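Heads up: the structure comes next, in structure tokens.
The values are calculated or read from the model by the stated rules, or taken from the named source; none is laboratory data. Please read all numbers here as calculations on a predicted model, not as lab measurements. Ideal geometry is used to build each Cβ from the backbone, glycine not excepted, and the neighbour counts take in all protein chains shown. For accessibility, only protein heavy atoms count, side chains too; no ligands or nucleic acids. Shrake-Rupley method; radii C 1.70, N 1.55, O 1.52, S 1.80 Å.
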Amino acid sequence: MSTFSTTHAEHFRVLSPPTSSSYDCISRDEFIIHASGTLLVTGYAKQYIAPQLDQRTIIPFEILKLCQAYFAFELINLSVYNEAWYKQEFVETEIKTVISPIANSWLMRRYTGLMYSDIGYLSGVHHWKLQCVIYGGSHNDCIGITTIPNTSTWINSCCVGTAYFAFNEHLSHYINGEEQRSLHCGEMWTDNDDLFITLDFKRGVFKITRIRDMFTPHVVYSIDIDATRTYYLCIGMRQFPAKYQFRLC
């Protein structure tokens, strides 16, 4: 990952013009925070690119707009999982991470745990783009956040602490295995759907926005969260050949 992000930082140095009042540009520090007070830099650009830029680097507004359009989402590493159940592959040429279960067996359906992000999130607003390549079924696939990254159990277990998740046509909130709230949503996603995942500590919301095609309205599944806790993003798949991929665009 470091090689990839360094490459993009180099692109910024090449594209940045000399310091001059004739250019419509902002400084590196302004780039990290905002532009014109309204255009926020988020996602991969803020996560990996901006911290690697030299303090003297200036960025044209056109590049800022490009980042907002192309790097609005963060890359995430779901590296915490049982390798007997899951696999993860980063495809650098396509800027995506592909995740899937290893094999189909009765043991997997019964005992599969979860894949977790390698870091916990406790502040700010985070956006991820997840594409469902092959849907494993409403009783098999789940997406959520928990306070304890336990890879050996399912998302509604007492061993994952506080959890908010989409599973079995419901958006639910559990604390130590006890249901606090459950919203019936019907079919939430299927093959080839794009899922925009948002973890918003400012508004106290966990949200999944389903993008299907240009003829189908977007559907938003949202649930209020306790924004004082640290959460780990997680995905579970209990049926082969389910497959998902995180993308930047």
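Scanning the range 238-249 for residues that are among the hydrophobic types (A, V, I, L, M, F, W, C) and assigned to a loop (DSSP other than H, G, I, E, B), which turns out surrounded by the most Cβ atoms within 10 Å (Cβ to Cβ)? Ranking the candidates gives 242 first.
Can you pull out every residue in the range 102-124 that is at pLDDT 90 or above and crowded, with 19+ Cβ neighbours inside 10 Å?
Matches in the range 102-124: 114, 115, 116, 117.
Got at least one residue in the range 189-199 being touching a helix residue (DSSP H, G or I) at 6+ places or on another chain (Cβ under 9 Å) and within 18 Å of residue 114 (Cα to Cα)? No, the range 189-199 contains no residue that is touching a helix residue (DSSP H, G or I) at 6+ places or on another chain (Cβ under 9 Å) and within 18 Å of residue 114 (Cα to Cα). Within this structure, residue 137 passes the test of being assigned to a loop (DSSP other than H, G, I, E, B), open to solvent by less than 30 Å² (accessible area, probe 1.4 Å) and within 16 Å of residue 238 (Cβ to Cβ).
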